[in-house]
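K.L.:
I'd like to ask some things about the structure below.
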């Protein structure tokens with residue numbers, strides 16, 4: 001059939017419009033979707049022909065882009081410290097990238113100039129040149145979760161059921177507010193003000209460390225007059241809240257989240273395991289801008305069921321296996337905490353405690369932040385909750401702590417504490433724990449040791465993590481404190497070993513508190529800290545703070561206020 005002229009004209013016009021749209025879409029760059037946040041490839045850097053030529057679609061030349069970048073305030077600050085830096089301009093899609101190189105060949109500043117308008121769109125110096133994570137790209141991590149319309153209501157929900165208006169200064173309120181206080185650090189992180197964000201992190205972690213040590217080492221019996229954990233909120237409200245909030249976070253994960261490098265690494269590792277390929281041979285993710293072989297084998301094993309169900313096509317796009325894994329890890333934490341409450345208390349009080357723990361988990365903005373980034377950190381939290389559930393079964397808790405340590409190595413610091421969590425029979429339990437820990441760790445790790453042996457495995461995983469150059473810690477911000485970091489790490493080792501022996505007999509609440517303290521102490525001395533790490537210690541903090549209350553719910557059969565709230569102030573309690 002011959003096409004009529006009008007048909008050909010319409011088809012040609014449609015094709016031209018499609019090509020124009022595709023060209024515009026290609027020209028637009030989305031750094032928040034590029035590694036480590038997403039799989040969109042950044043434009044290739046192309047050297048221009050000469051400084052005076054203007055590439056097609058550009059209104060300024062390389063020389064003009066360099067001149068514009070030199071006038072930027074960020075660059076001027078860098079040139080005050082590195083006056084010998086020299087510029088080199090590259091075509092980057094529809095923009096100029098002007099890289100300023102010091103005499104040692106290091107890129108000390110980077111300025112992105114729009115090729116058409118000549119406006120400076122990005123300007124980075126110091127550690128922000130080499131760390132895209134430090135640039136504050138909007139929505140790069142966890143997307144809409146950063147919105148105040150989501151974050152602030154979650155903060156209120158996290159605190160509201162546990163707030164006692166008669167005891168506004170009780171320590172539980174302070175503890176929960178401390179967890180939320182890290183939001184101030186996140187605020188500055190999202191504005192690319194990393195020095196301020198780091199400075200605001202350590203006081204909060206320090207407070208939580210001190211509180212958990214106080215609960216774990218020097219517990220005190222609380223009077224019934226201290227009030228209940230849930231002074232006003234009925235348990236059935238918490239049940240409904242858990243269901244609604246979990247469904248909402250799953251929906252948000254499906255419709256508005258992208259998979260960062262952590263989740264992709266888990267899926268790639270699981271795919272390599274399924275194909276019989278090595279994990280630590282240096283060829284982990286060919287074709288991807290990804291350093292993914294930095295975790296223990298248990299991390300990749302945990303992703304295997306999801307990778308087998310959804311597959312991996314080698315393209316960093318939607319990665320449904322990573323979404324499914326993040327949701328499953330989050331659900332495992334939630335279910336474990338609900339069960340743990342019933343394990344710690346009998347009858348209706350145990351049911352109330354379980355749902356209180358579960359509600360706090362799903363209402364906490366940090367757990368949603370981690371889940372919506374499709375990170376793997378909730379896996380560590382789930383294994384920690386499992387170890388608390390297995391406190392009276394030394395082999396089971398030994399296996400669970402071994403799996404946590406073989407996923408993310410920092411969890412190994414919990415081994416001494418959980419080895420001696422049996423009270424009067426602690427040495428018998430410690431032996432059973434140690435045997436199970438060793439067997440599981442060997443079974444999970446040894447089959448994946450690379451040809452270079454344990455040394456190569458260490459260098460690619462824990463060694464890399466411990467020595468990485470990161471601006472997200474006080475140690476990365478102030479390298480001159482290296483000597484103090486070594487002393488702090490020695491103190492953490494002493495703490496991890498010391499809590500295995502003192503107190504001699506520990507309640508589950510004390511074990512949880514000391515587990516939180518050890519975890520926080522490890523994080524305080526780490527070369528890199530990020531907000532996902534909150535979920536490592538959050539379950540322990542919640543158990544230590546909630547389960548210590550003599551009463552959980554103020555129900556009709558055990559009213560908190562029989563004749564209404566009494567007049568006058570009430571002394572603050574823990």
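K.L.:
Does the range 557-574 contain any residue that is crowded, with 24+ Cβ neighbours inside 10 Å and either at pLDDT 95 or above or within 27 Å of residue 388 (Cβ to Cβ) (or both)?
P.N.:
Quick first cut of the range 557-574, residues crowded, with 24+ Cβ neighbours inside 10 Å only: none.
Among the residues of the range 557-574, not one is crowded, with 24+ Cβ neighbours inside 10 Å and either at pLDDT 95 or above or within 27 Å of residue 388 (Cβ to Cβ) (or both), which makes the answer no.
K.L.:
Here's another thing I want to ask about it. For residues that are within 17 Å of residue 496 (Cβ to Cβ) and either surrounded by fewer than 24 Cβ atoms within 10 Å (Cβ to Cβ) or free of Cβ contacts under 8 Å to residues at least 24 places away in the same chain (or both), tally how many sit in the range 355-387.
P.N.:
Adding up the residues that qualify gives 0.
K.L.:
Step by step: first the residues of the range 107-125, then only those that are surrounded by fewer than 20 Cβ atoms within 10 Å (Cβ to Cβ) and over 19 Å from residue 85 (Cα atoms), then the one that is nearest to the chain's Cα centre (by Cα). Which residue is that?
P.N.:
121
K.L.:
For residue 197, are the conditions met, namely being part of a helix (DSSP H, G or I), surrounded by fewer than 21 Cβ atoms within 10 Å (Cβ to Cβ) and assigned by TED's automatic domain parsing to the domain that holds residue 371? Show your work before the answer.
P.N.:
Working: part of a helix (DSSP H, G or I): yes; surrounded by fewer than 21 Cβ atoms within 10 Å (Cβ to Cβ): no; assigned by TED's automatic domain parsing to the domain that holds residue 371: yes.
No.
K.L.:
Scan the range 44-81 residue by residue and report those that are surrounded by 15 or more Cβ atoms within 10 Å (Cβ to Cβ) and farther than 14 Å from residue 113 by Cα.
P.N.:
Those that are surrounded by 15 or more Cβ atoms within 10 Å (Cβ to Cβ) and farther than 14 Å from residue 113 by Cα: 48, 78, 79.
K.L.:
With respect to residue 457, is the statement that it is touching a helix residue (DSSP H, G or I) at 6+ places or on another chain (Cβ under 7 Å) and in contact (Cβ under 8 Å) with a residue 12 or more places away in the chain true? Quick ask: steps written out before the conclusion?
P.N.:
On the way: touching a helix residue (DSSP H, G or I) at 6+ places or on another chain (Cβ under 7 Å): no; in contact (Cβ under 8 Å) with a residue 12 or more places away in the chain: yes.
Against the criterion (touching a helix residue (DSSP H, G or I) at 6+ places or on another chain (Cβ under 7 Å) and in contact (Cβ under 8 Å) with a residue 12 or more places away in the chain), residue 457 does not qualify.
K.L.:
Only residues that are touching a helix residue (DSSP H, G or I) at 6+ places or on another chain (Cβ under 6 Å) and outside any loop (DSSP other than H, G, I, E, B): list them for the range 409-426, please. Walk me through how you get there before you give the answer.
P.N.:
Step one: list which residues in the range 409-426 are touching a helix residue (DSSP H, G or I) at 6+ places or on another chain (Cβ under 6 Å), which gives 409-422.
Correct list: 409, 410, 411, 412, 413, 414, 415, 416, 417, 418, 419.
K.L.:
Quick check, is residue 463 free of Cβ contacts under 8 Å to residues at least 24 places away in the same chain, under 20 Å from residue 414 (Cβ atoms) and surrounded by fewer than 18 Cβ atoms within 10 Å (Cβ to Cβ)?
P.N.:
Numbers: free of Cβ contacts under 8 Å to residues at least 24 places away in the same chain: yes; under 20 Å from residue 414 (Cβ atoms): no; surrounded by fewer than 18 Cβ atoms within 10 Å (Cβ to Cβ): yes.
So residue 463 does not fit the description; no.
K.L.:
Regarding residue 165, is this residue touching a residue at least 60 places away in the same chain (Cβ under 8 Å), surrounded by 21 or more Cβ atoms within 10 Å (Cβ to Cβ) and farther than 30 Å from residue 67 by Cβ?
P.N.:
Values: touching a residue at least 60 places away in the same chain (Cβ under 8 Å): yes; surrounded by 21 or more Cβ atoms within 10 Å (Cβ to Cβ): no; farther than 30 Å from residue 67 by Cβ: yes.
No.
K.L.:
Could I ask something else about it? Among the residues of the range 168-191, count how many are crowded, with 16+ Cβ neighbours inside 10 Å and in a loop (DSSP other than H, G, I, E, B).
P.N.:
Here the count works out to 1.
K.L.:
Another question, then. Is it the case, given these coordinates, that residue 138 is over 26 Å from residue 58 (Cα atoms) and either in the same structural domain as residue 256 (by TED's automatic domain parsing) or surrounded by fewer than 20 Cβ atoms within 10 Å (Cβ to Cβ) (or both)? Steps first, answer last, please.
P.N.:
Details: over 26 Å from residue 58 (Cα atoms): yes; either in the same structural domain as residue 256 (by TED's automatic domain parsing) or surrounded by fewer than 20 Cβ atoms within 10 Å (Cβ to Cβ) (or both): yes.
Yes; evaluated as a whole, the condition is true for this residue.
K.L.:
Which one of these is under 21 Å from residue 545 (Cα atoms) and either touching a helix residue (DSSP H, G or I) at 6+ places or on another chain (Cβ under 6 Å) or assigned to a helix (DSSP H, G or I) (or both): 321, 360, 326? Walk me through how you get there before you give the answer.
P.N.:
Working: 321 fails: under 21 Å from residue 545 (Cα atoms); 326 fails: under 21 Å from residue 545 (Cα atoms).
Result of the check over 321, 360, 326: 360.
K.L.:
Looking at (1) in contact with a helix residue (DSSP H, G or I) (Cβ under 6 Å, 6 or more places away or on another chain); (2) over 20 Å from residue 33 (Cβ atoms), can you tell me which one residue 153 breaks?
P.N.:
(1)
K.L.:
When the residues of the range 310-354 are narrowed to those that are within 26 Å of the chain's Cα centre (by Cα) and on the phi > 0 side of the Ramachandran plot, which ends up surrounded by the fewest Cβ atoms within 10 Å (Cβ to Cβ)?
P.N.:
314
The values are calculated or read from the model by the stated rules, or taken from the named source; none is laboratory data. Keep in mind that what you see is a predicted model, and the values were worked out from it rather than measured. Every residue, glycine among them, receives a Cβ derived from its backbone with ideal geometry; neighbour counts consider all protein chains shown.
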